[in-house]
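Chemist: Have a look at this one before I ask anything.
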Amino acid sequence: MDTEFFKELEKFSLLVKKRVSTAYSGGRKSLRFGHGISPVGYREYRKGDDFKLVDWKVYGRTEKLYIREHEEERSQVVHILLDGSASMGYEGKFAYASRLAAGFAYLATLENEKYAISLFCNKLYPAEPKRGRRNLFQTIALLDRISPRGGTGLLAIADQVESLLKTTSLVVLISDLLGETEEVLSSIYRLSGHELVVIQVLAPEETQLPFGGDVKFVDLESGLPLITRVTEDERKEYLRRMAEHNDRIRAACSQVGADYFLLKTDRPIFEAFSEMLSRAVIWKT
């Protein structure tokens, strides 16, 4: 992997949010509360709450149990979910996605934050959060040896991630997102309790379908071939369905307050990061 673009990334820094969203409630305004030092208010006691957080003085006045809430201060872990399924082997998508993943991890190292680049296909291969450049370059060497394979079970992956992450984190999902639309949307909703960045990586051919006449397509995940004649009408229908699929993903991300980017593999990697800098709320110069 060519990591020369790391030098350019040093102009940026990852804005580590100490106030991170915990669940979708109309955007990014909800907070994760805990045992921090800044009291922000009260709420009624709910079953399972820590009794140590009950304000007994308030109880003495109201005879009702109330919890004093505090903003929780914690280090942010950057969890990068990298699609390693067979479809990512098309036209260099995995290599491009790997560079994006490495770029996010490198930005985390600039802030001395932990990061984890976890591969997934039909299942998740969770990585242990690490810190530092030496660990990052070891991870890059591993990525360079990976050959994309297998199918994609994105919803199951989202469930696994939710069960593994015990605290609200920054989650970066990098995938072509070419599965069933409803499954992709459900996965985004499932991960929306975290500060979420969704990056869709596609080859230019997948966004344009520049083919005509008799063409043999092969499903990289199932291996099944399809021989068909691509007419102009079929091309228009493909582009319509692709646009509808991507628009629904974009809308779901907007609804839950996630940042969404569609990146084509012919785009220079630093230019891609510049776009994310200009639009995402997790960056600063």
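Chemist: Report, by residue number, each residue of the range 152-175 that is outside any helix (DSSP H, G or I) and under 12 Å from the mean Cα position of the chain (by Cα).
Modeler: Of the residues in the range 152-175, the ones outside any helix (DSSP H, G or I) are 152-153, 165-175.
Hits for the range 152-175 are SER169, LEU170, VAL171, VAL172, LEU173, ILE174, SER175.
Chemist: Now for a separate question. State all residues of the range 220-236 that are without any contact (Cβ under 8 Å) to a residue 12 or more places away in the chain, open to solvent by 70 Å² or more (accessible area, probe 1.4 Å) and outside any helix (DSSP H, G or I); if no residue qualifies, say none.
Modeler: Correct list: LEU224, PRO225, LEU226.
Chemist: Six or more apart or on different chains, Cβ atoms under 7 Å: show the pairs whose first residue is in the range 260-277 and closer than 19 Å to TYR90 by Cα and whose second is hydroxyl-bearing (Ser, Thr, Tyr).
Modeler: LYS264/THR207; THR265/TYR96
Chemist: Which numbered condition trips up LEU142, out of (1) in a helix (DSSP H, G or I); (2) in contact with a helix residue (DSSP H, G or I) (Cβ under 8 Å, 6 or more places away or on another chain)?
Modeler: (2)
Chemist: How many residues are out of contact with any strand residue (DSSP E or B) (no Cβ under 9 Å at 6 or more places or on another chain) and under 19 Å from MET1 (Cα atoms) when one looks only at the range 92-131?
Modeler: In the first step, residues of the range 92-131 are kept if they are out of contact with any strand residue (DSSP E or B) (no Cβ under 9 Å at 6 or more places or on another chain); the result is 92, 95, 99, 103, 112, 122-123.
Those still in the list that are under 19 Å from MET1 (Cα atoms) too: 92, 95, 99, 103.
Selection size over the range 92-131: 4.
Chemist: So for the range 71-94 (the condition being part of a strand (DSSP E or B), modelled with pLDDT under 90 and farther than 29 Å from LEU178 by Cα), does at least one residue qualify? Break it down stepwise before answering.
Modeler: Within the range 71-94, the first condition is being part of a strand (DSSP E or B), and the residues that meet it are 71, 77-83.
Right, trim to modelled with pLDDT under 90 and you get 71, 77.
This time we only want the ones that are farther than 29 Å from LEU178 by Cα, so: 71.
Scanning the range 71-94, I find at least one residue that is part of a strand (DSSP E or B), modelled with pLDDT under 90 and farther than 29 Å from LEU178 by Cα, so the answer is yes.
Chemist: If you don't mind, another one. Give just the number: which of (1) outside any helix (DSSP H, G or I); (2) over 18 Å from VAL198 (Cα atoms) does ILE117 not satisfy?
Modeler: Just one mismatch for ILE117, condition (2).
Chemist: Here are some conditions: (1) of a type outside the set (A, V, I, L, M); (2) assigned to a helix (DSSP H, G or I); (3) within 12 Å of the chain's Cα centre (by Cα). SER186 meets all but one. Which one does it not meet?
Modeler: Of everything listed in (1) of a type outside the set (A, V, I, L, M); (2) assigned to a helix (DSSP H, G or I); (3) within 12 Å of the chain's Cα centre (by Cα), SER186 misses just condition (3).
The values are calculated or read from the model by the stated rules, or taken from the named source; none is laboratory data. Predicted model only: the values in this text are computed from it and were never measured. No Cβ is skipped: glycine too gets one built from the backbone with ideal geometry, and neighbour counts run over all protein chains shown. For accessibility, only protein heavy atoms count, side chains too; no ligands or nucleic acids. Shrake-Rupley method; radii C 1.70, N 1.55, O 1.52, S 1.80 Å.
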